[in-house]
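In what follows, a structure is listed as structure tokens, so that the remarks can point back to it.
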Amino acid sequence: MRVLVTGSSGLIGSEAVEYYDREGHHVVGVDNNMRAEFFGTQGDTTWNLKRLQQKASRFEHCSIDIRDRESLFELFRNHTFDLIIHCAAQPSHDKACQIPILDFEVNALGTVNLLEATRQFCPEAVFIHMSTNKVYGDAPNEVPRVELEKRYDYANQDDYHGIAETCRIDQCLHSLFGASKASADIVAQEYGRYFGMNVGIFRGGCLTGPSHSGVELHGFLSYLVKVAINGGTYKVFGYKGKQVRDNIHSYDVIQAFEAFRNHPRPGEVYNLGGGRENSISILEAFDVVEELTGHKMKWVYVDENRIGDHICYMSDLRKLKAHFPNWQLTYSITDILQEIVTVEQGRYVSA
């Protein structure tokens with residue numbers, strides 16, 4: 001099988017490269033390190049590319065900008081892909097307002113370019129689009145909540161499992177990132193439903209793991225651990241630090257992709273996160289990281305929350321599990337944090 005992974009030096013992309021390489025497939029990775037342009041040296045993924053090139057034996061890297069339609073089409077002319085995993089994106093909720101045109105071109109136009117290349121050159125391929133829960137905008141904040149000692153939670157039993165795919169994605173405040181990703185999400189659905197292509201859309205919660213180049217504007221747990229180990233000060237933006245995120249390890253993300261690849265459903269949408277069992281607030285994360293690292297967390301509170309931010313978000317995974325009953329989470333929230341801590345401590349010692 002020939003696999004194309006966009007954003008191949010990023011968290012999910014690199015996990016996909018490693019997985020399919022181990023399985024004996026030829027993997028082409030597309031990544032031009034725009035993360036360094038978005039976030040500076042902290043966001044640079046060159047280290048991850050070098051790691052993949054040393055570790056993977058069937059990996060071919062292409063430095064292509066997904067906005068460059070002709071270069072993408074040329075790539076598709078020269079390769080016949082059976083699976084496309086589209087992870088490349090401008091990923092920051094906050095950064096998008098500083099670069100609205102670039103954000104939209106990368107997230108929306110880049111996705112259309114890839115979908116159209118697939119339709120023209122390998123329409124039978126399975127296409128997996130990595131979307132985001134930010135397509136729901138702040139609509140999840142309308143769900144009634146209760147305030148507990150260190151977190152918010154849903155007030156009603158009917159909402160216990162979290163936010164479902166039926167949550168609306170319009171008439172709410174998104175952030176420009178959420179809007180550009182919603183555009184890509186809808187057009188990916190359309191290529192699946194209108195053209196009958198094997199396109200699956202996965203709306204990620206907090207995707208994480210040791211290969212995450214976390215920065216303040218993107219990468220919750222990765223950045224939090226990095227700050228703790230390096231003795232920095234973490235900024236909490238609003239909601240008393242009780243805002244809740246559900247977290248999923250990059251390995252479990254790829255296993256969900258594999259489940260879809262084996263049984264594709266054209267144009268289908270799935271929430272993909274850690275669900276209630278892997279949910280954690282910022283204050284709770286401080287406690288766990290302090291215990292794992294032995295470092296007291298230094299943090300300051302900024303009273304103004306991020307625009308369009310979710311107060312309490314847990315992915316309802318029931319649809320995904322119903323369609324793919326063999327898929328399940330294999331990493332707990334503690335497993336995830338322990339692995340990130342171990343890797344970050346190794347980097348700190350070697351630095």
Report task. Quick one: what are the phi-derived ³J(HN,Hα) couplings along region 67-83, Karplus 6.51/-1.76/1.60 with θ = phi - 60°, whole Hz, x for glycine and proline? Result -> 6, 8, 4, 5, 5, 5, 4, 5, 4, 5, 5, 8, 9, 10, 9, 9, 9
Query - Reach of LYS235 by Cα under 22 Å, taken over lysines that are not fewer than 8 positions away in the same chain - result: LYS95, LYS134, LYS150, LYS226, LYS296, LYS298
Requested in this report: Using the charge dipole of the chain (Lys, Arg: +1 at Cβ; Asp, Glu: -1 at Cβ; taken about the Cα centre), state which of VAL28, LEU337, ILE84 has its Cα farthest towards the positive end.
Outcome: VAL28
Report summary line: Ordered by number, the chymotrypsin sites (Phe, Trp or Tyr not before Pro) in region 126-198 that occupy a DSSP loop and have at most 12 other Cβ atoms within 10 Å are TYR160
**Report entry** Fraction of beta bridges assigned by DSSP in the chain that are antiparallel (%, nearest 5)
**Finding:** 15
Report summary line: From the Cα centre of region 29-52 to that of region 222-250, the distance in Å is 21
Query raised in the report: Can you list the residues, at least 5 places off or on another chain, whose amide H is less than 5 Å from the amide H of ILE128, using H built in the peptide plane?
Result: ILE84, ILE85, HIS86, GLY200
Query raised in the report: When the Cα centres of region 82-123 and region 323-347 are compared, how far apart do they sit, in Å?
Result: 27
Report task. Specify whether the C-alpha gyration tensor of region 292-351 places it in the rounded, prolate or oblate class, a ≥ b ≥ c being the square roots of the eigenvalues: rounded for a/c under 1.5, otherwise prolate if a/b is larger than b/c and oblate if not. Result -> oblate
Report summary line: Mean separation of Cα contacts under 8 Å (at least 6 apart) over the residue count of region 120-235, i.e. the relative contact order in percent, is 31
Report task. Have a look at SER183, SER57, SER92 and tell me which one the Gaussian network model of the chain (Cα, springs below 10 Å) gives the largest fluctuation. Result -> SER57
Query raised in the report: Which of the trypsin sites (Lys or Arg not before Pro) across region 214-308 are loop residues per DSSP, with 13 or fewer other Cβ within 10 Å?
Result: LYS296, LYS298
Query - Estimated inter-spin distance, GLU149 and CYS172, nm [label 7 Å along Cα→Cβ] - result: 3.1
Query - Exposure proxy ranking, count of Cβ atoms within 10 Å, fewest first, for ILE307, ILE280 - result: ILE307, ILE280
Query raised in the report: Can you run phi through the Karplus equation (6.51, -1.76, 1.60; θ = phi - 60°) for region 155-172 and list ³J(HN,Hα) in whole Hz, with x for Gly and Pro?
Result: 7, 9, 4, 4, 9, 3, 7, x, 7, 9, 5, 7, 4, 5, 10, 10, 6, 7
Query raised in the report: Out of residues 5 or more away from GLY204 or on other chains, whose amide H comes under 5 Å of its own, with H placed 1.01 Å from N in the peptide plane?
Result: SER131, THR132, ASN133, LEU272
Query - In Hz, Karplus ³J(HN,Hα) per residue of region 20-29 (6.51, -1.76, 1.60; θ = phi - 60°; x = Gly, Pro) - result: 6, 5, 4, 7, x, 9, 7, 10, 9, x
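Every read-out reported here was derived from the displayed coordinates using simple, explicitly stated rules and does not represent laboratory data. Everything quoted here is computed from the prediction, not taken from an experiment. Please note: Cβ atoms are built from the backbone with ideal geometry, for glycine as well, and neighbour counts cover all protein chains shown.
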